[in-house]
Amino acid sequence: MTYVVTDNCIRCKYMDCVEVCPVDCFYEGENMLVIHPDECIDCGVCEPECPAEAIKPDTEPNLDKWLQVNAEYAEKWPNITIKREAPADAKEHDGETGKFEKYFSAERGQGD
Ligand code: SF4
Ligand code: SF4
């Protein structure tokens with residue numbers, strides 16, 4: 001089992017999650033974060049910390065796509081453990097639907 005970051009992180013990227021993870025298993029893309037499924041210890045502390053409610057346990061249904069996105073990009077993007085400012089327009093995109101199709105970027109984020 002692992003936790004996964006899902007659609008509503010895209011362009012919100014509040015990063016509260018990275019500060020609480022005991023094993024530092026978040027990785028940063030240009031406009032979202034992902035969790036490394038082999039490093040996550042399933043502690044669950046990040047889930048309630050996410051203001052966008054974007055973090056889900058993989059026991060929830062219909063997360064196949066997100067499991068794949070998290071696994072693939074955790075290998076490609078840099079590790080992130082220190083919270084930075086969220087994007088200025090994060091609130092405008094919070095709760096928007098279909099963000100993956102509209103905005104997903106495979107580009108690397110800045111990392112720590
Ligand atoms: S707290 Fe939520 S919205 Fe913010 S970066 Fe983490 S998963 Fe994404
Ligand atoms: S469930 Fe725990 S180990 Fe996994 S990403 Fe969240 S805080 Fe980190």
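Run the numbers on the chain and let me know its relative contact order in percent, using alpha-carbon pairs under 8 Å that are six or more apart.
43
Value of Rg to Rh for the stretch 45-90, rounded to two decimals, is 0.99; Kirkwood radius and Rg both from alpha-carbon coordinates. A straight Cα-to-Cα reach below 15 Å connects Lys13 with the aspartates and glutamates Glu28, Glu30, Glu47, Glu49, Glu53, Glu85, Asp89, Glu92, Asp94, Glu96, Glu107, Asp112, residues fewer than 8 places away in its own chain not being considered.
Here the sum of -39500 (n - 2.57) over DSSP H runs of 4 or more residues, divided by the residues of the chain, equals -5000 deg cm²/dmol at 222 nm, to the nearest 500. For the chain, the cysteines with no partner cysteine C-beta closer than 4.7 Å are Cys9, Cys12, Cys21, Cys25, Cys40, Cys43, Cys50.
Per residue, the accessible area of the chain comes to 52 Å² when a 1.4 Å probe rolls over the protein heavy atoms. Its Kirkwood hydrodynamic radius, worked out from the mean inverse distance over all distinct Cα pairs, puts the chain at 13.5 Å. Inter-part distance, the stretch 1-67 to the stretch 71-112, computed on C-alpha centroids, equals 11 Å. Cross-link reach is defined here as a Cα-Cα straight distance under 13 Å, omitting same-chain residues fewer than 8 places apart; for Lys65 the aspartates and glutamates meeting it are Asp7, Glu101.
The values are calculated or read from the model by the stated rules, or taken from the named source; none is laboratory data. From a predicted model like this one, the values you see are computed outputs, not experimental measurements. Note that we place each Cβ from the backbone using ideal geometry, even for glycine, and neighbour counts take in every protein chain shown. These area figures cover heavy atoms from the full protein model, side chains too; ligands, DNA and RNA do not enter into them. Shrake-Rupley method; radii C 1.70, N 1.55, O 1.52, S 1.80 Å.
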